[in-house]
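*Asks:* A single structure is presented below for examination.
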Amino acid sequence: MKSTSSLMQRLVELIPAELEHTSGSVFYSGTEAFSSSSPLYVLGLNPGGDPIAQSEETIRWHTNRVLKEYPRNWSAYRDESWRGKKPGSYGMAPRILHLFDKLSLDPGQVPCSNLIFKRTRREQDIKQHKQLLADQCWPFHAHVIENQEPSLILCFGATVGKYVCGKLDATELAGEFVERNNRRWKSRAFKNTSSQTVVVATHPSIANWTAPNTDPSALVAEALE
């Protein structure tokens, strides 16, 4: 395991230079989470919001805040106010915090990021460049996985899950949770030959993880054991 300073320094170096002045963010948890081994790495697709209204909130700007201003034990899901609401109370934040609680994990100690660092309102807005952007950002994620050695990568939604499974060659179905409702959406766990697991979960912006019938927490917990 590399030292705290060297690991963070290398991660910052791996942020694509061509994206630094783009609206977006890399870190959804602070330096403590990205400085030590972790059993879990969490990946969404990309930061949401309005890239025009938030044009000054660039990747470089946000990274500097994480490094120099935020507490070491910081979590965007727990500590950041979204749309003026109480931190941790809006959108998918309480659903992710529910999962961390079920897993008995401190949100500020779980490395969290997005497959793509560029901000858009919708996934459709990066449709034409999604593969290129993911490939540009992947060296960062590969470094996290290699150096922090998570046994489980949790992916929000099929787009992220398919990409990460492909990169890690996780093809063996190792578990499944089917929502107990009419839509019957599935969260699935896949393993590779290195005993890494990728959980492709329903997206918490749509699926209510706090409701028992749609909560994939048990699948994630089983994959972590």
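*Asks:* Taking the options His98, His129, His143, name whichever one is modelled with pLDDT under 95 and either outside any loop (DSSP other than H, G, I, E, B) or farther than 20 Å from Val26 by Cβ (or both). Steps first, please.
*Replies:* Values: His98 fails: modelled with pLDDT under 95; His143 fails: modelled with pLDDT under 95.
Criteria check complete, one pass: His129.
*Asks:* For segment 85-107, give me the residue count where each residue is open to solvent by 80 Å² or more (accessible area, probe 1.4 Å) and under 13 Å from the mean Cα position of the chain (by Cα).
*Replies:* Summing the residues that are open to solvent by 80 Å² or more (accessible area, probe 1.4 Å) and under 13 Å from the mean Cα position of the chain (by Cα) in segment 85-107 gives 0.
Okay, residues lined up against (1) aliphatic (A, V, I, L, M); (2) farther than 22 Å from Arg122 by Cβ; (3) modelled with pLDDT of 95 or more; (4) assigned to a strand (DSSP E or B):
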| residue | (1), (2), (3), (4) |
| --- | --- |
| Ser5 | no, yes, no, no |
| Leu11 | yes, yes, yes, no |
| Ala33 | yes, yes, yes, no |
| Ser36 | no, yes, no, no |
| Glu56 | no, no, yes, no |
| Arg60 | no, yes, yes, no |
| Arg65 | no, yes, yes, no |
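*Asks:* Could I ask something else about it? Over 14 Å from Val42 (Cβ atoms), of a type in the set (Val, Ile, Thr) and assigned to a helix (DSSP H, G or I) - does that describe any residue in segment 172-179?
*Replies:* Kept after step one, since they are over 14 Å from Val42 (Cβ atoms), are these residues of segment 172-179: 172-179.
From what is left, the residues that are of a type in the set (Val, Ile, Thr) are 178.
Remaining after also requiring assigned to a helix (DSSP H, G or I): none.
No, because not a single residue in segment 172-179 is over 14 Å from Val42 (Cβ atoms), of a type in the set (Val, Ile, Thr) and assigned to a helix (DSSP H, G or I).
*Asks:* Test Pro39 against the stated conditions and say whether it is surrounded by 13 or more Cβ atoms within 10 Å (Cβ to Cβ), touching a strand residue (DSSP E or B) at 6+ places or on another chain (Cβ under 6 Å) and in contact (Cβ under 8 Å) with a residue 24 or more places away in the chain. Write out each step before concluding.
*Replies:* Working: surrounded by 13 or more Cβ atoms within 10 Å (Cβ to Cβ): yes; touching a strand residue (DSSP E or B) at 6+ places or on another chain (Cβ under 6 Å): no; in contact (Cβ under 8 Å) with a residue 24 or more places away in the chain: yes.
So Pro39 fails the test.
*Asks:* For segment 180-211, enumerate the residues that are farther than 28 Å from Glu146 by Cα and either in contact (Cβ under 8 Å) with a residue 24 or more places away in the chain or not charged (D, E, K, R) (or both).
*Replies:* Passing the criteria: Arg180, Asn181, Asn182, Trp185, Ser205, Ile206, Ala207, Asn208, Trp209, Thr210, Ala211.
*Asks:* A further question follows. Looking at segment 108-132, which of the residues that are more than 14 Å from Gly44 (Cβ to Cβ) and touching a strand residue (DSSP E or B) at 6+ places or on another chain (Cβ under 8 Å) is least open to solvent (accessible area, probe 1.4 Å)?
*Replies:* From segment 108-132, those more than 14 Å from Gly44 (Cβ to Cβ) are 108-109, 121, 124-125, 127-129, 131-132; that's our starting set.
Checking the rest, the ones that are also touching a strand residue (DSSP E or B) at 6+ places or on another chain (Cβ under 8 Å) come to 108-109.
Details: Gly108: 0, Gln109: 90 Å².
Once the filter is applied, the top-ranked residue is Gly108.
*Asks:* So, Ala223, is that one small (Gly, Ala, Ser), in contact (Cβ under 8 Å) with a residue 24 or more places away in the chain and over 20 Å from Ser151 (Cα atoms) or not?
*Replies:* On the way: small (Gly, Ala, Ser): yes; in contact (Cβ under 8 Å) with a residue 24 or more places away in the chain: yes; over 20 Å from Ser151 (Cα atoms): no.
So Ala223 fails the test.
*Asks:* What are the residues in segment 191-225 that are open to solvent by 60 Å² or more (accessible area, probe 1.4 Å), among the β-branched types (Val, Ile, Thr) and touching a Lys or Arg at 6+ places or on another chain (Cβ under 6 Å), if any?
*Replies:* Selection gives Thr210 alone.
The values are calculated or read from the model by the stated rules, or taken from the named source; none is laboratory data. What you are looking at is a predicted structure, and each value in this text was computed from that prediction instead of being measured. Positions of Cβ are backbone-derived with ideal geometry, glycine not excepted, and every protein chain shown enters the neighbour counts. Accessible surface is based on the protein model in full, side chains and every heavy atom, while ligands, DNA and RNA are left aside. Shrake-Rupley method; radii C 1.70, N 1.55, O 1.52, S 1.80 Å.
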